[in-house]
1. Interface A/B, total buried accessible area with a 1.4 Å probe, nearest 100 Å²?
2. Kindly state, to the nearest 0.05, the FRET efficiency for A:Cys112 paired with A:Thr53, given R0 = 30 Å and r defined as their beta-carbon distance.
3. Using protein chains only (no ligands, no nucleic acids) and a 1.4 Å probe, work out which residues of the stretch B:124-138 have their accessible area cut by at least 40 Å² relative to the chain alone.
4. Only bridges with both residues in the protein assembly as shown count here: give the DSSP antiparallel percent, nearest 5.
5. Using just the C-alpha positions of the stretch A:105-147 as equal point scatterers, what log10 of I(q)/I(0) does the Debye formula give at each q in 0.16, 0.24, 0.31 1/Å?
6. If you take the C-alpha gyration tensor of the stretch A:12-98, multiply each eigenvalue by 5 and take the square root, what semi-axes do you get, largest first, in whole Å?
7. Quick one: with label points 7 Å out along Cα→Cβ, list the inter-copy distances for B:Thr51 in nm, shortest first?
8. Provide an ascending nm list, one decimal, of label-point separations from A:Val103 to the equivalent residue in each further copy; define each label point as 7 Å from Cα along Cα→Cβ.
Protein chains: 2
Amino acid sequence: MPQPETNASAGEAAVSPWDGAADRIRAGGLRWTPQRRTLVEVLREREGHVTATELIARCRERDQTTTPSTVYRTLDLLEDLGLVKHGHGHDGREEYHILPQQVHGHLYCVGCGMTWEIRPETAAVIVDALASQLGFDVDLSHVTISGRCAGCHG
Amino acid sequence: MPQPETNASAGEAAVSPWDGAADRIRAGGLRWTPQRRTLVEVLREREGHVTATELIARCRERDQTTTPSTVYRTLDLLEDLGLVKHGHGHDGREEYHILPQQVHGHLYCVGCGMTWEIRPETAAVIVDALASQLGFDVDLSHVTISGRCAGCHG
DNA sequence: GTGTCAGCCGCAACTCGTTGCAATAGCAAA
DNA sequence: TTTGCTATTGCAACGAGTTGCGGCTGACAC
């Protein structure tokens, strides 16, 4: 009988980048452990950004024995594979971008506490300015820039 | 005989913004304590940026009993007075700008680990882009933007 | 000089994140 | 299925930063 769930190695392209994670990890001589599986399951249910603290909490819901150090180490590994990318919120805390695609940045309003995205077009203006004037190739997504939104200033 | 060291209250303008710190603190109903004096002494000997950890260490050199919580609380107070301004390094750690004057930002090169300043003119391009496109009034000095310098990419 | 009172200090405990180390357990080969 | 190598885990300890609380003390009034 046909198996309901085989994974990416069966010829066709993977449905999600997460499907290939286990194989990619093993391909590097690394190991696919229950702890890593749990974290990947948690991540594939989310989009956008998550704090490390939240990820640890969600892993704990599934597996009480989850320890922070394992989660942080696994996140480093997933970052090497390009599946997540770490950054820092306005207060310097860790934040992970899940499946980072487009170049974008984040703005935090110190007035209302909301977070806004810098769209790729706007990000390009900033990246170009620093490239042409200083020769610097910046990664806008690594930090959250603070300021005041239109509704909170003036 | 003329006194060699009187302070700002003697009619003429203060030589340094630090000279008025004690009076400004007291004027707000707050207190000028030995711990605050020590931190101000440490700060007035430095320029540019310092990490909180370094400030704590330097205060400890003068007064073994200095505790971190007092230093952090005093830094918050000095920030309210505009004498320092906190930000975050590339790794999210606290960094204090001493006597912040010009609008400038910081770049960190993930290749060589060096830190560079974004000059006011370049900063203006970025601030203007976000103001005109998103109505956001950003504070570039709050975080350190990561990237690769001219020598480390390409 | 003395008293009063609220602001401040130091402590202890906590959160977030990192690291060294001994023990466990993937996974591939036999 | 068993063996053996080593990547990975969990622990414990640490560094950075924050917070609540009881006691101390600066600053003002008398």
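The values are calculated or read from the model by the stated rules, or taken from the named source; none is laboratory data. Not measured: the values here are computed from a predicted model. Don't worry about glycine lacking a Cβ; one is built from the backbone with ideal geometry, like all the others, and counts go over all protein chains shown. For accessibility, only protein heavy atoms count, side chains too; no ligands or nucleic acids. Shrake-Rupley method; radii C 1.70, N 1.55, O 1.52, S 1.80 Å.
1. Summing both chains' loss of accessible area gives about 2600 Å².
2. E(calc), rounded to 0.05, equals 0.85.
3. Those residues are B:Val125, B:Ile126, B:Leu130, B:Gln133, B:Leu134, B:Gly135, B:Phe136, B:Asp137.
4. Antiparallel: roughly 75 percent of the beta bridges in the protein assembly as shown.
5. Treating every Cα as an identical point scatterer, log10 I(q)/I(0) equals -0.44, -0.81, -1.04.
6. Those come to 20, 15, 12 Å.
7. Distances between equivalent label points, in nm: 2.3.
8. 2.3
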